[in-house]
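Below is one structure, written out as structure tokens, with a few remarks after it.
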Amino acid sequence: MILVLLGPPGVGKGTQAERISVHYGVPTISTGVMFRNAVAKGTELGRIIQRYRIDKGEYVPDDVVINAVRERISQDDCENGCLLDGFPRTIPQADALNVVLSEMRRQLLGALNFDAPLSVIVRRFSGRLVCPVDGQSYHVENQPPIQPGICDIHQVSLVRRADDEPEIVQRRIEVYLEKTTPLADYYQQKGMLCTINANEETETVFSNVVEMIDGLRKGSKC
Ligand code: AMP
């Protein structure tokens with residue numbers, strides 16, 4: 001079960017991805033988390049990523065992203081599938097994903113498109129906090145930690161992502177609208193797009209997602 005999760009930054013894809021991962025027992029590959037962790041740990045990928053302005057909302061070049069995903073997707077834990085959160089973000093990335101999957105003799109089950117008005121998304125950003133150890137996301141209202149401001153797992157103070165500052169959020173949304181919204185048409189034309197109303201309670205969104213995925217797994221279309 002390989003699924004692409006589409007939708008603007010801050011729409012709640014990451015939160016849903018975590019729940020879908022647990023429910024179906026497949027890992028989430030979030031390119032954003034992968035890049036931030038690589039930079040924080042100073043790995044070879046991190047040194048490459050540092051050449052680009054991800055803290056300012058600018059995209060990493062397609063070839064860098066594709067190589068990183070290709071490597072990650074071929075690891076053993078993806079044997080039963082994976083969720084791709086934040087990838088693909090451009091048409092060339094989507095084309096490259098098709099090539100990688102056909103080389104691996106695997107197929108994409110569908111593209112879940114999380115949809116919400118931009119005004120709601122901008123509001124959601126203001127409450128988002130992350131764990132500095134592993135990038136796990138929380139939200140002061142929608143997904144609060146047990147102790148306010150503290151990571152449930154690592155017991156360290158949560159921080160705001162550098163790219164969640166309001167002027168950078170604006171830029172991220174612009175880049176998204178320009179480069180990533182065409183992907184909805186791309187998957188629609190392939191009959192693979194399943195749009196989900198993300199402007200609802202996390203629980204409601206999740207049960208709609210599960211219904212959709214179960215349908216796709218039984219062979220129905222969105
Ligand atoms: P995210 O956590 O998905 O919001 O990603 C954070 C940042 O990482 C983005 O604003 C981009 O700068 C970079 N990034 C993540 N995934 C991609 C991708 N598929 N293509 C290009 N840049 C990406």
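The values are calculated or read from the model by the stated rules, or taken from the named source; none is laboratory data. Just so it is clear, the model here is predicted, and its values are computed rather than measured. Reconstructed Cβ throughout: ideal geometry from the backbone, glycine too, with neighbour counts over all protein chains shown. Accessible surface is based on the protein model in full, side chains and every heavy atom, while ligands, DNA and RNA are left aside. Shrake-Rupley method; radii C 1.70, N 1.55, O 1.52, S 1.80 Å.
Please count how many residues of the stretch 162-204 are within 20 Å of residue 3 (Cβ to Cβ) and outside any strand (DSSP E or B).
First, the residues of the stretch 162-204 that are within 20 Å of residue 3 (Cβ to Cβ): 176, 180-198, 200, 202-204.
This time we only want the ones that are outside any strand (DSSP E or B), so: 176, 180-192, 198, 200, 202-204.
Counting residues in the stretch 162-204 that are within 20 Å of residue 3 (Cβ to Cβ) and outside any strand (DSSP E or B) gives 19.
Of all residues in the stretch 15-26 being hydrophobic (A, V, I, L, M, F, W, C) and in a helix (DSSP H, G or I), which is nearest to residue 178 (Cα to Cα)?
Residues of the stretch 15-26 that are hydrophobic (A, V, I, L, M, F, W, C), as a first pass: 17, 20, 22, 26.
Subsequent filtering for residues that are in a helix (DSSP H, G or I) retains 17, 20, 22.
Details: 17: 24, 20: 28, 22: 32 Å.
Top of the filtered list is 17.
Among the residues of the stretch 103-141, which ones are hydroxyl-bearing (Ser, Thr, Tyr) and exposed (fewer than 14 other Cβ atoms within 10 Å of the Cβ)?
119
So in the stretch 58-81, with the set limited to residues that are more than 13 Å from the ligand (Cβ to nearest atom), open to solvent by 10 Å² or more (accessible area, probe 1.4 Å) and assigned to a loop (DSSP other than H, G, I, E, B), which one is farthest from residue 107 (Cα to Cα)?
My answer is 75.
Which one of 145, 166, 182 is in contact with a Phe, Trp or Tyr (Cβ under 6 Å, 6 or more places away or on another chain) and not basic (Lys, Arg)?
None of the other options fit; the residue is 145.
Residues 94, 38: which one is touching a Pro at 6+ places or on another chain (Cβ under 8 Å) and in a helix (DSSP H, G or I)?
When all the criteria are applied, what remains is 94.
How many of the residues in the stretch 171-203 are exposed (fewer than 12 other Cβ atoms within 10 Å of the Cβ) and more than 20 Å from residue 62 (Cα to Cα)?
Count: 5.
Please identify the pairs in which a residue from the stretch 37-50 that is without any contact (Cβ under 8 Å) to a residue 60 or more places away in the chain has its Cβ atom under 9 Å from the Cβ atom of a residue that is among the aromatic types (Phe, Trp, Tyr), counting only partners at least 6 apart or on another chain.
45/35; 46/35; 49/35
Only one of these is among the polar types (S, T, N, Q) and within 10 Å of the ligand (Cβ to nearest atom): 43, 90. Name it.
Exactly one of 43, 90 is among the polar types (S, T, N, Q) and within 10 Å of the ligand (Cβ to nearest atom), namely 90.
If you take the residues of the stretch 211-222 that are out of contact with any Lys or Arg (no Cβ under 9 Å at 6 or more places or on another chain) and surrounded by 14 or more Cβ atoms within 10 Å (Cβ to Cβ), which of them is modelled with the lowest pLDDT? Before you say what the answer is, go through the steps one by one.
We begin by selecting, within the stretch 211-222, every residue out of contact with any Lys or Arg (no Cβ under 9 Å at 6 or more places or on another chain); these are 211-214, 216-222.
Next cut, surrounded by 14 or more Cβ atoms within 10 Å (Cβ to Cβ) only: 212-213, 216, 222.
Details: 212: 97, 213: 97, 216: 96, 222: 83.
The extreme case among them is 222.
Give just the number: which of (1) under 22 Å from residue 222 (Cβ atoms); (2) touching a strand residue (DSSP E or B) at 6+ places or on another chain (Cβ under 8 Å) does residue 19 not satisfy?
Unmet condition: (2).
Of the residues 207, 220, only one is part of a helix (DSSP H, G or I) and not β-branched (Val, Ile, Thr); which?
The unique qualifying residue is 207.
Any idea which of 15, 43, 28 is in contact with a His (Cβ under 8 Å, 6 or more places away or on another chain) and of a type outside the set (A, V, I, L, M)?
So the residue among 15, 43, 28 that is in contact with a His (Cβ under 8 Å, 6 or more places away or on another chain) and of a type outside the set (A, V, I, L, M) is 15.
Of 29, 48, which residue is at pLDDT 95 or above, assigned to a helix (DSSP H, G or I) and buried (at least 17 other Cβ atoms within 10 Å of the Cβ)?
Values: 29 fails: assigned to a helix (DSSP H, G or I).
Selected residue: 48, the only one of 29, 48 that is at pLDDT 95 or above, assigned to a helix (DSSP H, G or I) and buried (at least 17 other Cβ atoms within 10 Å of the Cβ).
Could you please tell me which pairs satisfy a Cβ distance under 7 Å, a separation of 6+ or placement on different chains, a first residue in the stretch 85-101 that is without any contact (Cβ under 8 Å) to a residue 40 or more places away in the chain, and a second residue that is β-branched (Val, Ile, Thr)?
From residues that are without any contact (Cβ under 8 Å) to a residue 40 or more places away in the chain, the pairs are 93/65; 93/66; 96/66; 100/73.
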